[in-house]
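Heads up: the structure comes next, in structure tokens.
The values are calculated or read from the model by the stated rules, or taken from the named source; none is laboratory data. This structure is a prediction, so every number in the text was calculated from the model and none was measured. Positions of Cβ are generated from backbone atoms using ideal geometry, with glycine treated the same way; all protein chains shown enter the neighbour counts.
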Amino acid sequence: MTTIPLTYPLTLGAILFGLGLYGALTQRNAIRILMCVELMLNAVNINLVAFAATLREAAAAGQIFALFVMTVAAAEVALALAIILILARRESHIDIERVHLLRW
Amino acid sequence: MIQLAWLIPVLPLAAAFFIALFGHRTTGKGDRVGIGAMSIAFLLSVGVLLDTMGGARWAQHLTWAIHGDLVLNLGFQVDPLAAVMLVVVTVVSLMVHIFSVGYMHGDVRYKRYYAVLSLFTASMLGLVISDNLLFLFVFWELMGLCSYLLIGHYFEERANVHAANKAFLTTRVGDVGMFVGIMLLFAAGGTFRFDELAARIADGSFALPVLAVAAILLFIGPVGKSAQFPLHVWLPDAMAGPTPASALIHAATMVAAGVYLVARGYALFAPVPQALEVVAWVGAFTALFAATIALVMEDIKKVLAYSTISQLGFMVAALGVGAYTAAVFHLMTHAFFKALLFLASGSVIHAVHTQNMHQMGGLFKKLPVTGWVWLIGAGALIGIPPLSGFWSKEEILLDAWHHHPAIFWTLVAAAALTAFYTTRATYLTFFGTPRDKHAYDHAHEGGRVMTYPLMILGVLAAVSGFVASPLAGFVYFGEPHHASFDPFVFGVATAVWVLGVGLALAIYKYNLVSRRAIIQVFYPIWVVLKRRYYIDDVYQYVFVRGMIGLALVSAWFDRHVIDLIVNAVGWIGRKVSEYVDEFDRGVVDGIVNGIGGAFVVGSRVLRQVQTGFVQSYMLVLFLGLLAGLAILVIGG
Amino acid sequence: MDATRIAFIVLAAVAVVSAFRVVTAPKIMHAALWLGFTFMLVAGVFVTLGAEFLAAAQVLVYVGAVTTIILFGIMLSQAAEVRSRDPLQRERLEGAAFWRRGVLPVLATVAFVAIMVTVYMRVPWPAPPGGVIDTVRLIGSALFTTYVIPFELAAVLLLIALVGAIVLAVRDDNKEEQGS
């Protein structure tokens, strides 16, 4: 287990999540948005692992949850990049400010 | 097998719907479906009969409707009476189904004919196994509908339409009485079920006058359906339908239903001697009365029609004098030999294309099979031993002699006339010299599909009399009843049929007495008989014309009084609606359009939100999450 | 202040800086490399939190697979921009975009971090238990007993994602030639 107080990793998670969020909200490059999303997922994983390390009854559940998040993240990256590739091929750019498929 | 009894009516019913909906897509336009369903129903009926003879009984019901304390059940029951009827009905119906393949060949409404035939049989079978009056009544009416459709099968001719209407309306008169009787029984006894009603009667819950009135009202139904005087007028006209359908309607199903109802509800009649007296006299009078009309008819089917009325009178009279077993027995033998005679007449009509006996003659050489089976059927009708009709008629006469001599002599007279007119019809049709050369030359048998059913029914008509003694120990009311042989009754019966046959032969074969001479001597009576006792004319004047007159008066009233009121109401309505219209245009439409416009404008504004920027969506999503978090933090 | 805690603080500080560079690096390629570096640091954080197995998985999945595949994605999607600056990185925000992509995201992010940290400070967390647990054995047995069905489903999910990605990304030459 650990000797680090729970507040430390939680704060780290919050900060990393915030950075990822800011990037996802402001960046126009689709790949960079994808990276930011990955960053947010990692921040969540830090939280899960921190809880698993501190709360004895959650020791297995927290880490396994983190593991599943990783699995999903891997799948998500693969699919997201595939979609970005299609976008790049069709529009010859990956600027999501110029993609209006959801517009009325 | 007896547990499957409910399938017996359901199979023809399903067949009827199948034929009606998909008949045109199957080979033979559905006749095979109908015949197949009937065959299975017949086999089931035989199985049920065998089980019943082994002592089995079966009753089952589903709850159909609950109204307060009142529970209506859709139920069926199988007892000896029902089992015998099931077999009789399915046999005759099967034969009719098969015979019709030949007779109705090429008919424009072939499919419809078969659908109705199956539905008709299903109704009769349902009626037979019903365990309560209400469902019996439902099937009873269904049968009325089917008879209407069958009688009016050739509806291109106006006369046939009139005949169908007449049959429907006349039997309806009886049905009204019957329905009132059913409701009276229900009001007094609180149930529709036969077994419960019988139990109530046995323990004396019914006041005797109520029971007497109910029984007589109930009897009006059979008077209509079984064509008893004075509601017999529809049956002769019903010959307008296809001949095989006539065989079904007038031998085994519809007319038998009336007799069956009296037998089924015999517990209602038995305790009331007055009701039985009425039943007996109605039956006996009808037997004699119809037989006299049959003497002068020229149409072969009309002769059979009046003969049917007369024979039904025998059955009803038998029930009236307490000869329950004999009545059911005669119902069975009559079903066979009358179906045989009708189908044989169908075969003759098919061969010569006329129904007038004076245009036939000598057909025995041309139609040997039909001729032979006709002889068997006619012999059974006359009551020549050992054919079936002899046994059942003998039993009826025996019981009548023991219980009610006046009825006995009436029936004997009817039997004598029966012998006469049957011999007359037989001779005119099959013997003597051909009177219509053209028709005679072209006559031929109708093929195996028509002759085989005739032969089967011929065998049944010949031998079904021998079941007399087992039947007596099987179908009975109260105690089994074995009529012992009475030489006097046998002697009288034999004497009258020999007399009738001899007289007929003397007139028509040997010309010992000229027919013209007889007509001249008895001219007034002959005219009365020819005009069928003017009953049809009286009905025509009293009821039909009366109804038309009443309708004219009503029309005048309608036009001058009711219309005035209606127009006034209409004028007020129009004025009111004019005001309503203005309100509608100004206020209601304004609101409706306003709401619509609000949506148009609102959506024009709101759709600006749908920018298409994924990040904006993400931002809004996240701001919402933040708001939620803030509420939690501040609130918590 | 023991060694683990010092190590954590150092790793965390570097990770924050590195994550900041992921968002702000002018070249997309550099951003991807910073991302990989962040993943490595997070793996280190996992180790200090006593999750050695997850740390290994983090390195394998994120650093090894995700970062690599992202690099491939960058190269396939915008080969010309790999070495140059990301042209989208520097721009002037005007009009609605100033709020949409300038002010509001900053406010939202700051508010979020502030709320979360406030909450973390306020809650009386249990003290860190210390000691050593064989977490690998724990995860392994839990994964194949309690969580066996989600585990198998995860395998199916990966397979579906694999198939889906191939179907989406495969180049439809016929269509390309027709100019659609």
### Query
(1) crowded, with 20+ Cβ neighbours inside 10 Å; (2) in contact (Cβ under 8 Å) with a residue 24 or more places away in the chain: which one isn't true of residue A:44, the others all being true?
(1)
#### Entry: Test result for residue C:61, of a type in the set (Val, Ile, Thr), assigned to a helix (DSSP H, G or I), in contact with a helix residue (DSSP H, G or I) (Cβ under 6 Å, 6 or more places away or on another chain) and surrounded by 18 or more Cβ atoms within 10 Å (Cβ to Cβ)
yes
### Task
Would you point out which residue out of B:296, B:255 is under 22 Å from the mean Cα position of the chain (by Cα), at pLDDT below 85 and under 25 Å from residue B:356 (Cβ atoms)?
B:255
### Message
residue B:334 - would you say it is touching a residue at least 40 places away in the same chain (Cβ under 8 Å), crowded, with 24+ Cβ neighbours inside 10 Å and part of a helix (DSSP H, G or I)?
### Response
yes
### Query
For the stretch B:273-292, does any single residue satisfy the condition of being touching a strand residue (DSSP E or B) at 6+ places or on another chain (Cβ under 6 Å), at pLDDT below 90 and farther than 24 Å from residue B:137 by Cα?
no
### Query
Is there a residue being under 24 Å from residue C:12 (Cα atoms), charged (D, E, K, R), more than 12 Å from chain B (Cβ to nearest Cβ) and assigned to a helix (DSSP H, G or I) anywhere in the stretch A:54-75?
yes
### Query
How many residues are part of a loop (DSSP other than H, G, I, E, B) and either in contact with a Leu (Cβ under 8 Å, 6 or more places away or on another chain) or farther than 12 Å from residue A:52 by Cα (or both) when one looks only at the stretch C:118-142?
10
### Query
Is it the case that some residue within the stretch C:72-83 is at pLDDT below 85, surrounded by fewer than 18 Cβ atoms within 10 Å (Cβ to Cβ) and not in a helix (DSSP H, G or I)?
yes
### Message
Go through the stretch A:5-17 and report how many residues are crowded, with 24+ Cβ neighbours inside 10 Å and within 7 Å of chain C (Cβ to nearest Cβ).
### Response
3
### Query
Can you name the residue in the stretch B:346-362 that is assigned to a helix (DSSP H, G or I) and polar (S, T, N, Q) and, of all such residues, is nearest to residue B:242 (Cα to Cα)?
B:347
### Query
What about residue A:26, is it out of contact with any strand residue (DSSP E or B) (no Cβ under 8 Å at 6 or more places or on another chain), polar (S, T, N, Q), over 21 Å from residue A:65 (Cα atoms) and facing chain C (nearest Cβ under 7 Å)?
yes
## Note on the structure
The condition of being at the interface with chain A (Cβ under 7 Å from one of its Cβ atoms), of a type outside the set (Val, Ile, Thr) and outside any loop (DSSP other than H, G, I, E, B) holds, among C:43, C:32, only for C:32
### Query
Does residue B:554 count as surrounded by 10 or more Cβ atoms within 10 Å (Cβ to Cβ), within 14 Å of another protein chain (Cβ to nearest Cβ) and part of a helix (DSSP H, G or I)?
no
### Query
Restricting attention to the stretch A:76-96, which residues are touching a helix residue (DSSP H, G or I) at 6+ places or on another chain (Cβ under 6 Å), of a type outside the set (Val, Ile, Thr) and within 7 Å of another protein chain (Cβ to nearest Cβ)?
A:78, A:79, A:81, A:82, A:85, A:88
### Query
In the list B:49, B:4, which residue meets the criterion of being out of contact with any strand residue (DSSP E or B) (no Cβ under 6 Å at 6 or more places or on another chain) and modelled with pLDDT of 85 or more?
B:49
### Query
Based on what the data block shows, is residue B:623 over 22 Å from residue A:99 (Cα atoms) and either under 60 Å from the mean Cα position of the chain (by Cα) or at the interface with another protein chain (Cβ under 7 Å from one of its Cβ atoms) (or both)?
yes
### Query
Counting only residues that are of a type in the set (Gly, Ala, Ser) and facing another protein chain (nearest Cβ under 7 Å), which one in the stretch C:48-58 is surrounded by the fewest Cβ atoms within 10 Å (Cβ to Cβ)?
C:57
